[in-house]
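Worksheet: the structure to be examined is printed underneath.
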2 protein chains.
Amino acid sequence: MSKKRIVILGGGFAGVYTALYLEKFIKPSDEIEVALVNRENYFVYQPMLPEVVGGSLDILDTVSSIRKLAPKTRLFIREIDHVDLKQKQVILSPQFSHKPLTLTYDHLVIALGNVTDFRGMVGIHEHALPFKNLADALVIRNRIIEALEGASASDDPGWRRQLLTFVVGGGGFSGTEVVAEINDLVRKLAKQYPRINKDEISVHLIHSKDRLMERELSESLSLYAQKILQKRGVNIHFGVRLQAATPNEAILDNGEKIQTKTIVSTVPSSPNPIVESLDIPQIKGHIETDSTLLVKDSDHLWCAGDCSAIPNVATGKGYCPPTAQFAIREAKVLAKNIVAQIKGKERKEFKFKALGMMGALGHHSAVAELFGKIKFSGLLAWMFWRMVYWVKLPGASRKVKVALSWLIESMIPQEAVQLKISPSQGIAKLHFEPGEIVFHEGDIGDYLYIIVDGEVEVYQERDSQKNVVSTLGAGSYFGEMALMNQRTRSATISCTKPTNLLALRKSDFGMLISSFAPLGESIQATEKTRREELENR
Amino acid sequence: MSKKRIVILGGGFAGVYTALYLEKFIKPSDEIEVALVNRENYFVYQPMLPEVVGGSLDILDTVSSIRKLAPKTRLFIREIDHVDLKQKQVILSPQFSHKPLTLTYDHLVIALGNVTDFRGMVGIHEHALPFKNLADALVIRNRIIEALEGASASDDPGWRRQLLTFVVGGGGFSGTEVVAEINDLVRKLAKQYPRINKDEISVHLIHSKDRLMERELSESLSLYAQKILQKRGVNIHFGVRLQAATPNEAILDNGEKIQTKTIVSTVPSSPNPIVESLDIPQIKGHIETDSTLLVKDSDHLWCAGDCSAIPNVATGKGYCPPTAQFAIREAKVLAKNIVAQIKGKERKEFKFKALGMMGALGHHSAVAELFGKIKFSGLLAWMFWRMVYWVKLPGASRKVKVALSWLIESMIPQEAVQLKISPSQGIAKLHFEPGEIVFHEGDIGDYLYIIVDGEVEVYQERDSQKNVVSTLGAGSYFGEMALMNQRTRSATISCTKPTNLLALRKSDFGMLISSFAPLGESIQATEKTRREELENR
């Protein structure tokens, strides 16, 4: 009898804590192995992300190594290409090569969370910054400093004012916390720019409802949060939505336009595209489970966290909310239930009532609500906020580091230092020596290649015989076939001379040929000729 | 009488310390203002960069805000487009817009250092990582962790070995220090990967000479450094050069090939392209100055640091070496001399003898040589190394932070956490509303635009009259003219409908049209027709 394999998709709270609890509940004699797939090898402690924007935490303070948190779990740091529910396989995208990697599972845990999705919102995708992961936090911070530098270097009052205007869309938890941090940061750093007058700065929060965090907090606390933000200089627009964005302005749905170069949008979240592609019961893009976290109509698919629709047994109505508090508890029950299921024992029901809600409001203030009764705010709430999240931080060394960062921040004034990562070239240049393979027949099609100089041979292998299809030289391109037909490579490309190539990513290629007529036509014609040639062989 | 303006180009040791000393030497009554141009708003403390790769320092520990170091200097955070020596102007690239910014100067300080330049080395530019600035250090660190993750996930022994092979080209100071850090890092982190066997790891240093750091250190210390590295597992190849690179291997000039996915090259350095473009006396790409740091045959151009060729008065032969030690002292004399020159006083000669040399060798060892006599190595040298650089760190708060990082590192085991910044899309998508301007006539040409949908109007303004040249719709492109002729925009583009555009960076555009025949021809033909149309108007 071979080992049972559990594959977890996603490294957020739900995924990582499922792995963590599985390591606790599985005995070595159980013959169960666990694998986790995630894009990064770290776990981001989301509740502290706004502090990265604000700079009270160092960039790495909010991340923990998944490998260290769950040492017995086999980690795969890859993108997920797709999930084959029939074959019970997860197919991972290539890394360092063009070969996909296939994982088979007996039990699959889907914990992919949701993604920021600006589809259908004009210009938002192009010109608003999302606020979801660590990279987003850094990008926002860098943009703010860039805007301050730009304003400081200019003598044009309109231009300066536009650069010094910051707009945040969405007044839920994440939008409110991030606007508080941005506001504090801009006003604090501006003091280091003698040429910037604080009256030139404006920070806007756009919220479609009539009070902040209306789903999470009681009215009195909402109003308190609002007062704090307004006092600190945040301009809150209630009852309007961010409708569109251009490089120069944010456009609200009441027609108002705000001249700005920096828009952050925290809405809307939408399901992970992988979740959307799965043929299993879903409610508005969330996977439907029973109260034991087993996906409806299945005996080996599980789901937890933000991508799930789990009946809320504790309250008897609706579904469990998408919060870290719930995800961690769900993970524990999920881990227990998988082990029970494998051993043929009974599964446990998930039943949990939220302890309370908290939101940080930047410098030394916060709002909190416990057990639906106790409400408090201000410095006390802020200290409580820090304490709770600090206690929940995974790993002792992380705790020490975060505490030290907070200590340092309270003693040493912050510097307006950007962390500039040079932009990666959109089009990669590659060099190959004679005899080297660019890609193999059957590989995944991820790039289009253009030959700058040199020569390549296109061949197929049939009955272990090499059939050369053609030889291509400078100015030719190849690889369009797999890209256009969403198939794997239909031939192998080997270099016969020292060869320099340009490689165009699949996504960039798609954009270019669909919009750029002369290019699209030329490539389509070539693809057709070549495909027919191959088919007639 | 208006103020005299000094413009400093470059924010390395020479540039920043010149600003710093100018602030000391200039009295408010002197009527002199100082501006500094740099790509980043921070100063990187180069000697500590290898520690960022190794992870003993946090990313931001090695950087200081230039604004804080030199608060009275006006900072411009921009790329330099070009320098016009005749008009005494520095033209800066656009930021947030397409408008260049022009600075005029009375005195110009050129302190642009050098750049890593792989021109002429086949495949090195494409497949070797440079090690020069903060982003490079991060990229190298991330790549190493990615390789460990990749090897851990694979069962193919050859593939694993290739991923776990790391090659560094160049055995000067920077190459030796970085190979030491990489070696320590890989072997330390590998312990966190239970599936990686330490025998699978190999680290290579490729050096063209017969001993390490031969220009900087005496033979006995070179040999000591070599012994240390070899004992720790670094495989040193003497007397050979890194000749070429492909995605799969490093190729040495003796024909040897090393299968690897990670190549770091610290050679060669070449002059900054801006320096190369200047019509002033140069020796092998270094600007020739007299012994007072005034550029030859000039009375208002100055030069210091790695891009200069300053006669070495102290030794009486050759030029001053490109080290931080010298750059800081040069900056001081340069600042004094500019002020003297402006006031019509006599300039001072630059005369300095190096105090000694030091090199760190990773974990708890280093080599040092003082006054050409005292030599020491090992733990003592390492502690000395840290002390000297720590004392020289600018800013008290930076000192505290670095000391804390070192303290934390000695107590808390390091985690193999990458800092993944999502790759920026190679081709940007833009959205504009009706009436908005994409670019103005006279702007700098930095992008080619393709219309995905919508409509734009192309017009010129003559005698404040608007002449519409044409209207373009979906599938058309514009902006090629300024890119192909290296000129400014010959017309203004305004959107008449809500418009979505793709924007292709100038550098990417250049690569594409020069290599991709059908595209190049089509665009050239369009450009010609449109140019003739405009000229005939």
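Read the figures in this text as sums done on the coordinates, not as results from a lab. It should be emphasised that the depicted structure is a prediction, and the values quoted were computed from it without experimental measurement. In this analysis, Cβ positions are derived from the backbone assuming ideal geometry, glycine residues included, and neighbour counts consider all displayed protein chains.
In this structure the amide hydrogen of A:K375, modeled in the peptide plane, comes within under 5 Å of the amide hydrogens of A:L370, none closer than 5 places in sequence on its chain.
Summing charges over neighbours of A:K257, with a neighbour being any other residue whose Cβ is under 9 Å away from its Cβ, gives -3 when K and R count +1 and D and E count -1. Pairs A:K72/B:K231; B:K353/B:K392; A:K27/B:K191; B:K68/B:K401; B:K99/B:K497; B:K351/B:K399: which exceed 20 Å Cα-Cα? Result: A:K72/B:K231; A:K27/B:K191; B:K99/B:K497; B:K351/B:K399 exceed 20 Å. Adding -39500 (n - 2.57) for every DSSP H run of four residues or longer, then dividing by how many residues chain B holds, sets the calculated 222 nm ellipticity at -10000 deg cm²/dmol. Most tightly packed first, judged by the mean number of other beta-carbon atoms within 10 Å of their residues, the peptides A:102-110, A:151-159, A:336-344 read A:102-110, A:336-344, A:151-159.
Remark: region B:30-42, residue by residue, has Karplus-estimated 3J(HN,Hα) of 6, 6, 10, 10, 10, 10, 10, 10, 8, 5, 10, 8, 10 Hz, where x stands for each Gly or Pro and the curve is 6.51 cos²θ - 1.76 cosθ + 1.60 at θ = phi - 60°. Under a 5 Å amide H cut-off, with hydrogens placed 1.01 Å from N, A:V313 pairs with A:F352 among residues at least 5 apart or on other chains. For B:K257, the aspartates and glutamates whose Cα comes closer than 15 Å to its Cα, not counting residues fewer than 8 places off in the same chain, are A:E433, A:E436, B:E249. Relative to the other identical copies, A:R215 shows label-point distances of 6.1 nm, where the label point lies 7 Å from Cα along the Cβ direction and values run shortest first.
Here the 3J(HN,Hα) profile of region A:492-497, calculated from phi with Karplus coefficients 6.51, -1.76 and 1.60 at θ = phi - 60°, is 9, 10, 10, 8, 9, 9 Hz, Gly and Pro shown as x. You can think of it this way: the chain between B:S470 and B:D253 has 72.5 nm of extra reach, that is 0.36 nm per residue less the Cα-Cα gap. Packing order of peptides A:9-18, A:67-76, highest average first: A:9-18, A:67-76 (average count of other Cβ atoms within 10 Å over each peptide's residues). Amide H contacts for A:L129 (H built 1.01 Å from N in the peptide plane; partners 5 or more residues away or on another chain; cut-off under 5 Å): A:I263, A:V264, A:S265. Within a straight-line Cα-Cα reach of under 18 Å, B:K86 can be paired with the following aspartates and glutamates, leaving aside sequence neighbours fewer than 8 residues apart in one chain: B:D106, B:E276, B:D279, B:D297, B:D299. The mean count of C-beta atoms from other chains within 10 Å of the C-beta of residues in B:240-248, rounded to a whole number, is 3. Net charge near A:W390, counting Lys/Arg +1 and Asp/Glu -1 over other residues with Cβ under 13 Å of its Cβ? Overall, the nearby charge balance is +3. Spacing of the modelled spin labels on B:E214 and A:D210, each 7 Å from Cα toward Cβ, amounts to 8.2 nm. For region A:427-535, relative contact order (Cα pairs under 8 Å, six or more residues apart, normalised by length) works out to 38 percent.
DSSP finds beta bridges in chain B, and of those with both partners inside it, around 65 percent are antiparallel. Taking θ as phi - 60° and the Karplus parameters 6.51, -1.76 and 1.60, the scalar couplings of region A:461-477 work out to 10, 10, 6, 6, 10, 8, 9, 6, 7, 6, 10, 10, x, 3, x, 7, 10 Hz in sequence order, x denoting glycine and proline. Summary value for chain A: 13 percent relative contact order, contacts being C-alpha pairs under 8 angstrom separated by 6+ residues. Take B:R531, move 7 Å from Cα toward the beta carbon, and the resulting point lies 3.8 nm from the same point in each other copy, nearest first. With each label modelled as a point 7 angstrom along the Cα→C-beta vector, the B:A396-A:L407 pair spans 1.9 nm.
Near B:I342, once Lys and Arg are set to +1 and Asp and Glu to -1 for all other residues with Cβ below 13 Å from its Cβ, the sum equals +2.
Relative contact order of region B:30-123, taken over Cα pairs closer than 8 Å and 6 or more residues apart, is 22 percent.
Counting from the shortest, the label point at B:V388, 7 Å from Cα toward Cβ, is 5.3 nm from the same position in each remaining copy.
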